[in-house]
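Below: the structure, in structure tokens.
The numbers here are math on the coordinates, done by the rules we state, and not lab data. Predicted, not measured: the structure shown is a model, and the values here were computed from it. Because the Cβ atoms are built from the backbone with ideal geometry, glycine has one as well, and the counts that use them run over all protein chains shown.
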Amino acid sequence: MIELTTGVVFLMSSLYGNGPGDNSQNLVPLTFAVEATTTASSSSTTSTKIMEAYLMKEFADTPILVDIARCESTFHQYDKDGNLVRGRVNNADVGVMQINEKYHDDTAKKLGLDLHTLEGNVAYAKHLYAEQGARPWISSSKCWSGSGAQVALDQSK
């Protein structure tokens, strides 16, 4: 339970700062906080809510990506054992945004991103969305289609 509490405290301070006048720049990696919360057996809901809050902050300008993450991975980068989440249909789809390694790993590496880390997966999703809109996630669009999917798909033409 202490790992859960510590993880939540570190995450909240990295998201919201340490208080008035705090000028830090998210010094604590979210990956640590999320992994720490997974050590407690009752923390699944907590870690999901933490991940959702993180993604809402990261994708503040593109909230459709939060809905896509919900549909693609139910807000999980790693499973309860700390293993990278892989796609059920396609094992090459990885992480919270289920980015396909076969098609995107080389480009991600050229950009200095690692799809296997939360930060790299999220950053690459931003890059991919900027280039192609929601098209890379079209196979899950029935799940997130009530979330402005047509607008997202129209922008990617």
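Residues Leu65, Leu115, ranked from the fewest to the most other C-beta atoms within 10 Å, line up as Leu115, Leu65. The dipole here belongs to region 59-157: it is taken about the Cα centre, uses +1 on the Cβ of Lys and Arg and -1 on the Cβ of Asp and Glu, and is about 220 debye. As a proxy for reagent exposure, Thr45, Thr74, Thr117 were ordered by neighbouring Cβ count within 10 angstrom, fewest first; the result is Thr45, Thr74, Thr117. Counting other Cβ atoms within 10 Å as a rough exposure proxy, the listed residues Cys71, Cys143 run Cys143, Cys71 from fewest neighbours to most.
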